[in-house]
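What follows is one structure encoded as structure tokens, with my remarks underneath.
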Amino acid sequence: MSDSDRTETKRDRVRRLLITPLLEYGMRRPSWLQPKRNADGEVEKTLEDVYRDYLNRLADNLGYMTDDGLDRLRQSLVFNGEPPPPSTRRNPGRRYRDEFPSFVAVFDLANAFEECPLHQWPGLRSWFGSVAGPKALQLDTAVETYDFILALKRPPFRESDRRAISEDAARRRAFLAGLEKGFVTPADENRRTRYVHRLAKVKALIQEFQGQDDAGEFHHREPGAAA
């Protein structure tokens with residue numbers, strides 16, 4: 001199959017409209033990026049690998065934007081790049097701003113042009129894309145976790161957060177179990193149907209996010225896991 005026959009993905013589109021033009025303009029790798037090392041100081045990812053992950057992360061998380069939004073973001077980033085450290089400037093007398101900003105800065109600027117839909121928010125993508133996604137399905141708390149993140153715009157980091165989610169899930173399970181034992185009103189049946197549909201949606205999101213690397217800004221670890 002030739003490149004012309006291949007369907008353009010969201011990542012491809014962001015690269016074509018935003019990242020590739022910026023690179024062609026001369027936008028450079030951020031100076032603050034560093035190779036990823038393990039606890040023993042050994043390099044796990046080279047600087048080029050980390051840079052590629054950064055660009056992929058931008059492409060994945062900006063896929064919600066329209067072509068016009070990406071065009072406006074590109075024009076803005078041309079004038080809002082990060083300045084390199086003085087020691088690395090090609091001409092110390094000039095204040096170049098030709099480095100990619102941090103992911104947070106780019107995403108914040110993108111939201112100023114077109115607000116990200118909540119279901120595509122990076123925190124949601126990262127949380128469900130980590131081990132927390134399958135674990136929420138295993139614990140039967142996936143829908144309640146999804147509702148929590150969308151309502152508060154943050155993952156459930158605290159123990160009190162996870163306890164609240166578990167309590168919501170317990171009430172939902174008790175409601176569904178009660179429908180199996182007694183008279184079911186149309187409102188009850190509608191509520192059950194909505195839950196089934198939302199569970200299917202969350203399962204699909206988890207499956208999608210599990211297939212993406214470095215999908216968002218938050219990186220989840222199980223409590224007690226090594227950094």
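Filter segment 176-215 for residues that are of a type in the set (Phe, Trp, Tyr) and either at pLDDT 90 or above or in a loop (DSSP other than H, G, I, E, B) (or both); which is surrounded by the most Cβ atoms within 10 Å (Cβ to Cβ)?
Among them, the one singled out is Tyr195.
Which residues, counting only those in segment 37-79, are among the aromatic types (Phe, Trp, Tyr) and either in contact (Cβ under 8 Å) with a residue 60 or more places away in the chain or in a helix (DSSP H, G or I) (or both)?
Selection gives Tyr51, Tyr54, Phe79.
Out of all the residues in segment 189-207, which are free of Cβ contacts under 8 Å to residues at least 12 places away in the same chain and over 29 Å from the mean Cα position of the chain (by Cα)?
Once the filter is applied, which keeps residues that are free of Cβ contacts under 8 Å to residues at least 12 places away in the same chain and over 29 Å from the mean Cα position of the chain (by Cα), segment 189-207 yields Glu189, Asn190.
When only residues in segment 136-150 that are without any contact (Cβ under 8 Å) to a residue 60 or more places away in the chain and over 14 Å from Asp168 (Cα atoms) count, which is surrounded by the fewest Cβ atoms within 10 Å (Cβ to Cβ)? Lay out the reasoning, then the answer.
Kept after step one, since they are without any contact (Cβ under 8 Å) to a residue 60 or more places away in the chain, are these residues of segment 136-150: 138-141, 143-150.
Still in the running and over 14 Å from Asp168 (Cα atoms): 138, 150.
Numbers: Gln138: 9, Leu150: 13.
Among them, the one singled out is Gln138.
Please enumerate the residues belonging to segment 133-160 that are in a helix (DSSP H, G or I) and under 14 Å from the mean Cα position of the chain (by Cα).
Within segment 133-160, Gly133, Tyr146, Ile149, Leu150 qualify.
How many residues, within segment 14-45, are surrounded by 13 or more Cβ atoms within 10 Å (Cβ to Cβ), closer than 20 Å to Glu82 by Cβ and hydrophobic (A, V, I, L, M, F, W, C)?
7
The values are calculated or read from the model by the stated rules, or taken from the named source; none is laboratory data. Owing to the predicted nature of the structure, the values given are computational and were not obtained by experimental measurement. For neighbour counting, all protein chains shown are included, and Cβ atoms are generated from backbone atoms with ideal geometry for every residue, glycine included.
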